[in-house]
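Below is one structure, written out as structure tokens; comments come after it.
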Amino acid sequence: MQSSKRAQASEHVPTQSPVAQGPRKPVGNRADAVSGPPAERKPDPEVQSSGEVTVVDPVMVKRAVSAAALGNAMEWFDFGVYSYIAVTLGHVFFPSGNPTAQLLSTFGAFAAAFLVRPIGGMVFGPLGDRIGRQKILAITMIMMAVGTFAIGLIPSYASIGVGAPILLLVARLVQGFSTGGEYGGASTFIAEYAPDKKRGFLGSWLEFGTLAGYVGGAGLVTLMTALLSTEDLNSWGWRIPFLVAGPMGIIGLYLRMRLEETPAFAQLEKEARTKEKDRREAEKRIGIREMIFGQWRSMLLCIGLVLVFNVTDYMLLSYMPSYLTSELKYDETHGLLVVLGVMVLMMGVQPFAGRLSDRFGRRPVIAAGCLGFLVLSVPALLLIRQGSLLAIALGMAALGLLLVAFTSTMPATLPALFPTRVRYGSLSIGFNVSVSLFGGTTPLVVTALIGATGNKMMPAYYMMAAAVIGGIAVLLMSESAGKPLPGSPPAVENEAEARDAVRAARRPATAASTA
């Protein structure tokens with residue numbers, strides 16, 4: 001009986017499907033798995049039992065990418081607004097006769113949120129590996145929306161004194177804590193849904209959401225700056241972008257609540273149910289230790305890659321608007337429009353760069369970005385310092401196109417560093433430690449360095465140093481393009497690819513047994 005079942009199973013293509021909360025739904029036979037809607041698929045336990053290959057559901061993939069990207073867009077809408085309106089926030093919450101001191105105080109509150117991000121990653125990451133990605137992503141969405149909306153309700157320093165910056169800090173800490181579980185979960189979610197050959201392209205839409213959030217925030221701030229007087233902007237206009245987060249959060253939460261669990265996590269959960277109870281409890285107790293020290297090499301690579309990614313990202317998208325205004329005395333509205341145009345350019349290139357990483361590999365694309373920042377950071381900043389609109393646009397566009405080498409590849413590269421059982425937790429911890437130490441502090445550190453040295457070329461030198469560290473990480477990492485995620489079966493788009501994957505997987509075993 002057992003041998004006949006094995007023979008029968010070998011004739012089928014093992015498949016998996018996204019699994020909702022609760023008991024797992026059967027995939028159905030080969031014909032139904034491709035053509036029939038989920039409600040009409042017929043059970044075929046032999047097909048779904050082996051877990052050798054995942055045939056992805058294209059509808060669920062699109063839904064997962066959309067929901068993850070929207071959550072990222074909301075997160076970075078807030079960061080974009082905060083960065084672009086930093087000068088105004090300095091007047092509202094940190095009154096001082098010194099503009100540099102105001103900007104430092106504002107960016108200090110900005111950086112404070114990053115100090116709690118690793119704590120959020122340590123809380124939400126392991127929970128995502130234990131109870132599921134979808135549940136945690138819904139929770140982080142709620143917290144981000146609440147924290148951002150609350151900023152728009154805080155009275156000014158003129159109204160309540162020192163209580164104003166304290167409340168701003170508390171709201172930023174809530175945002176930072178929730179963000180600790182956002183990127184690791186969103187990138188893991190997309191990576192575990194995507195077929196292996198398209199993981200770069202589909203993952204690139206996560207950072208497309210980042211750019212869309214920045215564009216939305218920057219566009220709204222630019223519009224208000226152009227239409228409102230300085231008095232109106234300082235009085236009530238600055239609140240509008242933060243209050244928009246309420247409706248955005250409701251929409252994002254609705255989309256995320258409609259998601260099903262990823263195939264990789266569902267398979268892991270199914271396997272976990274076959275283990276002894278005490279063994280599962282032991283695994284839970286050593287979870288954090290395994291996520292950090294058990295993955296130490298991947299963790300260091302993650303920190304290095306995230307460092308170059310986020311230092312350049314925050315430098316260009318968060319710091320440069322304030323740099324143009326406060327350091328170069330450039331017209332605020334024109335400066336915002338230039339950066340907005342650069343982000344739109346990046347959005348147009350983003351999916352194509354993601355496809356390039358699927359075709360040629362993640363390492364070549366990331367290495368090209370590191371080399372570009374090492375060679376072109378100084379010339380680009382010199383162009384920007386020329387002060388003319390054309391020179392600023394060219395310098396910013398050069399940096400933006402280099403940044404696409406990271407934004408288009410990292411959502412697919414970073415999840416592939418870790419196995420399924422610890423992916424959410426390890427990635428969240430490594431990502432947020434690096435962002436907290438190097439990325440989120442970039443505006444504060446560079447502003448302080450310029451103030452201490454008087455050298456306004458510091459942004460270029462800072463990006464060059466980050467590029468060196470990122471380049472070392474690229475040299476040490478393994479190529480992951482087109483390969484299954486560690487601890488997960490191959491993921492393909494259709495049954496023809498599944499049959500090829502099964503034959504390829506069995507060929508070495510057959511050759512070994514023959515030998």
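The values are calculated or read from the model by the stated rules, or taken from the named source; none is laboratory data. Note that the structure is a prediction, hence the values are computed from the model and not measured. Positions of Cβ are generated from backbone atoms using ideal geometry, with glycine treated the same way; all protein chains shown enter the neighbour counts. Remember, those area values only see protein heavy atoms, side chains included, never the ligands or the DNA or RNA. Shrake-Rupley method; radii C 1.70, N 1.55, O 1.52, S 1.80 Å.
Which residue out of 373, 431 is crowded, with 24+ Cβ neighbours inside 10 Å, within 18 Å of the chain's Cα centre (by Cα) and aromatic (Phe, Trp, Tyr)? Can you show your working first?
On the way: 373 fails: within 18 Å of the chain's Cα centre (by Cα).
When all the criteria are applied, what remains is 431.
When you look at residue 208, is it buried (at least 22 other Cβ atoms within 10 Å of the Cβ), among the hydrophobic types (A, V, I, L, M, F, W, C), modelled with pLDDT of 85 or more and over 19 Å from the mean Cα position of the chain (by Cα), yes or no?
Numbers: buried (at least 22 other Cβ atoms within 10 Å of the Cβ): yes; among the hydrophobic types (A, V, I, L, M, F, W, C): yes; modelled with pLDDT of 85 or more: yes; over 19 Å from the mean Cα position of the chain (by Cα): no.
Judged against the criteria, residue 208 is not a match.
Is it the case, given these coordinates, that residue 383 is over 21 Å from the mean Cα position of the chain (by Cα), farther than 16 Å from residue 309 by Cα and assigned to a helix (DSSP H, G or I)?
Values: over 21 Å from the mean Cα position of the chain (by Cα): yes; farther than 16 Å from residue 309 by Cα: yes; assigned to a helix (DSSP H, G or I): yes.
Answer is yes for this residue.
Take the conditions open to solvent by 10 Å² or more (accessible area, probe 1.4 Å) and of a type in the set (A, V, I, L, M, F, W, C) and apply them to residue 365. Does it pass?
Details: open to solvent by 10 Å² or more (accessible area, probe 1.4 Å): yes; of a type in the set (A, V, I, L, M, F, W, C): yes.
Yes; evaluated as a whole, the condition is true for this residue.
Modelled with pLDDT of 85 or more, open to solvent by 20 Å² or more (accessible area, probe 1.4 Å), of a type in the set (A, V, I, L, M, F, W, C) and touching a helix residue (DSSP H, G or I) at 6+ places or on another chain (Cβ under 6 Å): does that describe residue 149?
Numbers: modelled with pLDDT of 85 or more: yes; open to solvent by 20 Å² or more (accessible area, probe 1.4 Å): yes; of a type in the set (A, V, I, L, M, F, W, C): yes; touching a helix residue (DSSP H, G or I) at 6+ places or on another chain (Cβ under 6 Å): yes.
Against the criterion (modelled with pLDDT of 85 or more, open to solvent by 20 Å² or more (accessible area, probe 1.4 Å), of a type in the set (A, V, I, L, M, F, W, C) and touching a helix residue (DSSP H, G or I) at 6+ places or on another chain (Cβ under 6 Å)), residue 149 qualifies.
Could you grab me the full set of residues in segment 226-248 that are open to solvent by less than 20 Å² (accessible area, probe 1.4 Å) and either of a type in the set (Asp, Glu) or over 26 Å from residue 70 (Cβ atoms) (or both)?
233, the sole residue that qualifies.
Please work out which one of (1) within 21 Å of residue 219 (Cα to Cα); (2) part of a helix (DSSP H, G or I); (3) not hydroxyl-bearing (Ser, Thr, Tyr) is the condition residue 329 fails and give its number.
Exception for residue 329: condition (2).
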